[in-house]
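A quick write-up on the structure given underneath.
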């Protein structure tokens, strides 16, 4: 669990360090998307993540 959390932090930190302006623009665009649509995207991402975890057999 700590490995997964650390990996997410490294991944997000990478984009903040490399392309901070692009990330700020992307976040401002996300604010205009409906909550319902964002929830669906989140559920889809969770499903993909669960499938990937299941495939890796850790």
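The values are calculated or read from the model by the stated rules, or taken from the named source; none is laboratory data. Not measured: the values here are computed from a predicted model. Neighbour counts run over all protein chains shown; Cβ positions are idealised from the backbone, glycine included.
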Looking for whichever is surrounded by fewer than 10 Cβ atoms within 10 Å (Cβ to Cβ), over 24 Å from residue 1 (Cβ atoms) and within 14 Å of the chain's Cα centre (by Cα) here; the options are 27, 23. Which one fits? 27
Restricting to segment 31-54, name every residue that is at pLDDT below 90 and loosely packed, with under 10 Cβ neighbours inside 10 Å. 31, 52, 54
